[in-house]
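Notes for the one structure printed next.
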Amino acid sequence: MSNEKADQMIRSSSVEEMSSLDLDSAYGPSGFRGLVKSSNILFYALFASLGGFLFGYDQGVISGVLVMSDFETRFPRVGGNGDLQGWVVSIMQLGAFVGALINSPLADRLSRRYSIAVACVAFLIGSVLQAGAIDNSMLFIGRFIGGIGLGQISMGVPLWIGEIAPPNLRGSAVTMQQFAIASGIMISFWLDYGTQYIGGIGEGQSQLAWRLPFALRVIPAITLLVGCFFILPFSPRWLVKVRREHEALAVLSRLRKLPENHPIVQAEIMQIKAGARFDALTIKEKFPNAKTSAQIAYQQYKELFTQKHLAKRLFVACFLQFLQQFTGVNAIIYYAPKMFKSIGLSGNSVSLLATGVVGIINVIATVPAIGIVDNFGRRVVLMFGAIFMSLSHFIIATLYAIYEHSWAEHLSAGWAAAAFVWFFVFNFAYSVGCIAWIYPTEIFPLGVRAQAMGIAISVNWISNFVIGLITPIMLNYIKFGTFYFFFAFTMVLFCWVMFFLPETKGVPMEEMDKLWGGSEGKETADRMARIQNELKCESRNVPIYSKTSSYSDELDIEMQEQY
Ligand code: BGC
């Protein structure tokens, strides 16, 4: 869209006219070209994705530590084959489940960026407790508190990135989070592999071998913490939500590298303001008795479940998180060495190497996603990923079923199964690996975005927890059936995306309502018309005709009281 078109948008006189003009083409190219052009967005997204790095690092580090001999000697019930092993791994996911939920009020009250700072503090406390652990309880408490921080980060970082990015780069920018998660997993794996040699692998192993990988993650965590105060700007959408509109305009103009009075910046801030005021006015008109922030938050949570179009979005966001985990990716991330051994790749180093390749492919395959999610759209990428993931599971399961008792005589079948594990990871990484993070950031209205994301991301963590728990049991009892089980879920993902999932590529966040039926109804249209009329008067400095005060004045006072 040209500048004139954006200009026309600001001056347009009807709701229809305003919403029919979209901003997306004004921002320029998507994908790599767009990110290079908007190098500041690339930088911010990469910096905030240090959070994703912490998340991946934490997921990856524990498996290597658990089998180190010094660790096993000090924590016999946790290391090796100890009876508490499963719990020390999963208590982190339970903490993260809680963290994702509690980050919603924090992200609304403190701001997106300071909620990430709080998360870093929790993560740091957890890391120090784990690195310095002298007994099981320190280890468990450390993993739980660290997990809370991770859950907060996994919700706060994509939320923040999604809100600062222009529509043409939103998918690519949020993809950085997945890139960082995959890098964290890979680096922690190889780091464990290296530090296990400190003092020797056997009895003489130094405690540094496992304390160091636990301790080193404080470096990215402190960097992110400091960055929350000095590098990351406030989300302009959050600023508008709390009625700091002048600051929002200044931040937006810096983010878009355009002057404040530029038509594109003006049109975007208008869209954001209209969306925020619409949400606030809806709550005010529907729930006149809700005055305190707690009452309003309660109504907003309730709306998420009772308003059809919001409940639909919530279901979609949660189901996508659930399916992401039930593709079986973490069955592979957590149990790859065991799996590779069971398909006949004998010898520790062979199966470790095969696992190392999983980590590398997971990182490399995320890169194309940066270029494709905003160009081809979420749906196509998800469908491609899902169909190839199901194909992989099907072939692995079938090979497993045929050669279950004769892998030793059929080495090439074992390698073929390994190749399909890698192919699976490749297809996960560019598709649902990334899109499960992008989708929930973009489909909700500002008023309930943080709450909804908290719920969706907590579903991711609880599903992750379940997978961690059931995979070893399935591998023991139903063996090749494990892969048919995941095959079924990847097929569900394919069909569900094909028949039900709306495309969100390039749709401005404030226009998502149209995809979900949220902008239907006369009452809604009237409310939007009043707000847009008021915004137009404001932008022309014309006093708003009203018998009493304007909606804006009333909302202003109320919204400021809430924050
Ligand atoms: C998932 C994690 C998974 C990782 C693998 C993420 O998107 O949420 O559970 O371990 O991808 O790269």
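The values are calculated or read from the model by the stated rules, or taken from the named source; none is laboratory data. If you're wondering where the values come from, they're calculated on a predicted model, not measured in any experiment. In this analysis, Cβ positions are derived from the backbone assuming ideal geometry, glycine residues included, and neighbour counts consider all displayed protein chains. Remember, those area values only see protein heavy atoms, side chains included, never the ligands or the DNA or RNA. Shrake-Rupley method; radii C 1.70, N 1.55, O 1.52, S 1.80 Å.
Tabulated values for the structure
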| read-out | value |
| --- | --- |
| ³J(HN,Hα), Karplus 6.51/-1.76/1.60, whole Hz, each residue of region 89-103, x for Gly, Pro | 6, 7, 5, 5, 5, 5, x, 5, 4, 5, x, 4, 6, 6, 6 |
| Residue order for HIS393, HIS262, HIS405, HIS410 - accessible surface, 1.4 angstrom probe, largest first | HIS405, HIS410, HIS262, HIS393 |
| Nonlocal amide H pairs with SER206, under 5 Å, H built at 1.01 Å | GLY199, GLY200 |
| Sorted peptide list for 458-464, 185-191, criterion being average Cβ within 10 angstrom, highest first | 458-464, 185-191 |
| Additional length obtainable on full extension of the chain from ASP526 to VAL98, 0.36 nm per residue less Cα span | 150.2 nm |
| Carbon and sulfur %, accessible surface of the chain computed with the full protein complex present, 1.4 Å | 67 percent |
| Value at 222 nm in deg cm²/dmol, rounded to 500, when DSSP H runs of n ≥ 4 in the chain each add -39,500 (n - 2.57) | -25500 deg cm²/dmol |
| For region 356-370 versus region 311-331, the gap between their alpha-carbon centres in whole angstrom | 21 Å |
| Over the chain, relative contact order from alpha-carbon pairs under 8 Å, at least 6 apart, % | 22 percent |
| Accessible area expressed per residue, the chain, with surrounding protein chains retained (probe 1.4 Å, Å²) | 38 Å² |
| ³J(HN,Hα), Karplus 6.51/-1.76/1.60, whole Hz, each residue of region 235-251, x for Gly, Pro | 6, x, 6, 5, 4, 5, 4, 9, 6, 9, 6, 5, 5, 4, 5, 4, 5 |
| Positive minus negative residues near ALA386 (Lys, Arg vs Asp, Glu; Cβ under 14 Å) | +2 |
| Alpha carbon centroid spacing (whole Å) that separates region 83-134 from region 423-483 | 18 Å |
